[in-house]
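The values are calculated or read from the model by the stated rules, or taken from the named source; none is laboratory data. These numbers come from a predicted model, not from an experiment. Because the Cβ atoms are built from the backbone with ideal geometry, glycine has one as well, and the counts that use them run over all protein chains shown.
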Amino acid sequence: MKDSGARLKPIALLLCAALTVLAACRKARNAPAVSPEREVRVVATIFPVYDIMRETGGIRASVSLLVPPGAEAHSFEPRPSDAVKSASVQVFAYAGDSMEPWARKFAAGLDSSGLLIADLSRGVRLRAPASGAGSDPHIWLDFANAAAMAENAARALSAVDPPNKDYYYSNLAVIKRRLAKLDAEYKTGLASCRSRAVIYAGHFSFGYLAARYGLEYHALGDAGPDAEPSAGRVAGLARAARAAGAKTVFAEEMSSPKFAQAVASEIGAQVETLNPMHEITRSDFDSGEDYYSIMEDNLRALSKGLGCAKP
């Protein structure tokens, strides 16, 4: 019996190899062909734009981040070295005039013929913050908006690299499925919570997300970076938290937690952290954090802070 088994092993291995090759061939036939021209060079202003362009471009795009990890995106001012870096690319992608009022003028002034300037906010309906001051530029925190941004990315890449249009739109389809899955997780995870009030001791970043899932949203600042908030604004956030019966105050990633801690101390609450993603730490960037992992972390923080029932 041992000899018979030994004779069968090579046959089994050959059969396994043949099936593996067949599966690979089927997969290759279903995947869009990728033309072998040089990869598309892209500069993306901030992390959400970078990550969307990177995923949409896949193996066909070389994407670099203009606003470096750890920098404040709202107050960023490009340097001459950024102009040199951006002049050699084919696509300059940014999150829209509301988020980056400097970006279009900067890109238009580059000494680069044939540069495509891609506004990823194209077609997205902007919301105003509670104060009514300007528009909330944090559009990627709504998954429908993130899908629209990815569509704009696929359109831009296809415009400069037409032979690989099918490849970019195949990647777009994958992105949309992943975003739909995240959206379903948020709907389920936030469906049954003890509290519906998000008390956010940062600037107005999560208005889109709160509106999408029917959450009450109170932020310490407006949609742009403010000077240090007044004692009156901190007291106002504490009043809103107390009125809502909130047990958690959310701090903003990469900002000082002192205001969240002050409000939490005032009302006897705990502190959790949310990441609006317009900027990213160097350690997170180097470790490969992406849009999906950050949004999953935000869901965990919201579920814990709002006392949501586990699905």
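May I ask you to say which residue of E37, E77, E72 is modelled with pLDDT under 95, more than 20 Å from H278 (Cα to Cα) and either within 22 Å of the chain's Cα centre (by Cα) or assigned to a loop (DSSP other than H, G, I, E, B) (or both)?
On the way: E77 fails: more than 20 Å from H278 (Cα to Cα); E72 fails: more than 20 Å from H278 (Cα to Cα).
Within the list E37, E77, E72, the selection yields E37.
Within the stretch 154-252, considering only helices (runs of 4 or more DSSP H) that don't extend past its boundaries, which have at least 3 residues that are of a type outside the set (A, V, I, L, M, F, W, C), at pLDDT 95 or above and under 29 Å from V63 (Cα atoms)?
Values: elements: 165-189, 207-212, 231-244.
By residue number, 165-189.
Considering (1) over 20 Å from the mean Cα position of the chain (by Cα); (2) more than 30 Å from E266 (Cα to Cα); (3) hydrophobic (A, V, I, L, M, F, W, C), say which one A154 fails and leave the rest.
If we test A154 against (1) over 20 Å from the mean Cα position of the chain (by Cα); (2) more than 30 Å from E266 (Cα to Cα); (3) hydrophobic (A, V, I, L, M, F, W, C), just (1) comes out false.
Exactly one of (1) under 24 Å from E252 (Cα atoms); (2) touching a Pro at 6+ places or on another chain (Cβ under 6 Å) is unmet by Y167. Its number?
So the condition that Y167 fails would be (1).
From the list S81, S112, S135, exactly one residue is surrounded by fewer than 23 Cβ atoms within 10 Å (Cβ to Cβ), closer than 20 Å to T45 by Cβ and touching a residue at least 60 places away in the same chain (Cβ under 8 Å). Which is it? Give the derivation first.
Details: S81 fails: touching a residue at least 60 places away in the same chain (Cβ under 8 Å); S112 fails: touching a residue at least 60 places away in the same chain (Cβ under 8 Å).
Just one listed residue meets the conditions, S135.
Looking at the stretch 292-311 only, could you name the residues that are in contact with a Lys or Arg (Cβ under 9 Å, 6 or more places away or on another chain) and either part of a helix (DSSP H, G or I) or of a type in the set (F, W, Y) (or both)? Don't jump to the end; show me each part of the working.
Keep residues of the stretch 292-311 that are in contact with a Lys or Arg (Cβ under 9 Å, 6 or more places away or on another chain), which gives 292, 303, 305-309.
If the condition is that a residue be in contact with a Lys or Arg (Cβ under 9 Å, 6 or more places away or on another chain) and either part of a helix (DSSP H, G or I) or of a type in the set (F, W, Y) (or both), then Y292, S303, G305 are the ones that fit.
Being modelled with pLDDT under 95 and among the hydroxyl-bearing types (S, T, Y) is the filter here, so list the residues in the stretch 117-153 that pass it.
Residues satisfying the conditions are S131, S135.
Which numbered condition trips up S205, out of (1) in contact with a Ser or Thr (Cβ under 9 Å, 6 or more places away or on another chain); (2) buried (at least 21 other Cβ atoms within 10 Å of the Cβ)?
Among (1) in contact with a Ser or Thr (Cβ under 9 Å, 6 or more places away or on another chain); (2) buried (at least 21 other Cβ atoms within 10 Å of the Cβ), S205 violates only (1).
Testing F259 on (1) crowded, with 16+ Cβ neighbours inside 10 Å; (2) in a loop (DSSP other than H, G, I, E, B); (3) more than 22 Å from the chain's Cα centre (by Cα), one condition comes back false. Which one is that?
So the condition that F259 fails would be (2).
Just checking, does the stretch 165-173 include any residue being among the hydrophobic types (A, V, I, L, M, F, W, C) and in the same structural domain as S62 (by TED's automatic domain parsing)? Spell out the reasoning first.
Of the residues in the stretch 165-173, the ones among the hydrophobic types (A, V, I, L, M, F, W, C) are 172-173.
Then drop every residue that is not in the same structural domain as S62 (by TED's automatic domain parsing), which leaves 172-173.
Looking for residues that are among the hydrophobic types (A, V, I, L, M, F, W, C) and in the same structural domain as S62 (by TED's automatic domain parsing), one finds at least one in the stretch 165-173, hence yes.
What are the residues in the stretch 89-140 that are farther than 23 Å from K176 by Cα, part of a loop (DSSP other than H, G, I, E, B) and in contact with a Leu (Cβ under 8 Å, 6 or more places away or on another chain), if any?
V89, Q90, S98, S135 - these are the residues of the stretch 89-140 that are farther than 23 Å from K176 by Cα, part of a loop (DSSP other than H, G, I, E, B) and in contact with a Leu (Cβ under 8 Å, 6 or more places away or on another chain).
For the stretch 234-256, check the following and say yes or no: at least one residue is in the same structural domain as Y292 (by TED's automatic domain parsing), aromatic (F, W, Y), within 29 Å of S75 (Cα to Cα) and in contact with a Lys or Arg (Cβ under 9 Å, 6 or more places away or on another chain).
Initially, the stretch 234-256 is screened for residues in the same structural domain as Y292 (by TED's automatic domain parsing), giving 234-256.
Those left that are additionally aromatic (F, W, Y): 250.
Checking the rest, the ones that are also within 29 Å of S75 (Cα to Cα) come to 250.
Subsequent filtering for residues that are in contact with a Lys or Arg (Cβ under 9 Å, 6 or more places away or on another chain) retains none.
No: zero hits.
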